[in-house]
């Protein structure tokens with residue numbers, strides 16, 4: 001029992017240090033873990049869209065989710081989402097007024113499929 005307690009203390013200390021030294025891309029270490037869906041065991045309802053720089057809580061039943069403005073873990077104000085600007089720029093600069101339509105979807109520049117578009121514009 002003493003050995004297990006010692007091991008748990010070591011794990012807790014390492015986790016505390018990792019949290020303390022955490023630097024971007026998200027507001028906190030826990031948010032970073034919760035939106036990383038590369039781990040199949042991660043069942044967090046928190047999700048992130050890099051393309052729109054928006055955070056969501058996934059719906060518990062069915063598809064979809066709810067955009068959130070504050071981190072549910074540390075309380076930090078999350079960055080302003082950019083989905084409206086994404087659509088505005090595609091319409092004004094590329095004439096794509098319905099980019100979800102198949103014929104227009106093909107014309108979306110590659111940078112707009114990732115976070116590259118807003119990073120290049122320093123938004």
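Starting with the fewest neighbours, write out 51, 105 ranked by other beta-carbon atoms found within 10 Å of each beta-carbon.
Going from sparsest to densest Cβ surroundings: 105, 51.
Please order 98, 56 by the number of other Cβ within 10 Å, starting at the fewest.
98, 56
On a 0 to 90 degree scale, rounded to 10, what angle separates helix 83-94 from the longest Cα axis of the chain?
The answer is roughly 30 degrees.
Normalised by the empirical 2.2 N^0.38 Å for globular proteins, what value does the Cα Rg of the chain take?
In units of the globular-protein estimate, the chain measures up at 1.38.
Evaluate Rg over Rh across segment 24-80, taking Cα atoms for both radii and Kirkwood's formula for Rh.
Ratio of gyration radius to Kirkwood radius: 0.93.
So how do 55, 73 line up by other beta-carbon neighbours within 10 Å, fewest first?
With the fewest neighbours first, 55, 73 line up as 73, 55.
So what's the angle, to the nearest 10 degrees on a 0 to 90 scale, between helix 2-20 and the longest Cα principal axis of the chain?
Relative to the chain, helix 2-20 is tipped by roughly 30 degrees.
All of the numbers you see were taken from the coordinates with simple rules; none came from a lab. Everything numeric in this text was worked out from a predicted model, so none of it was measured. Cβ coordinates were reconstructed from backbone atoms using ideal geometry, including for glycine residues, and neighbour counts include every protein chain displayed.
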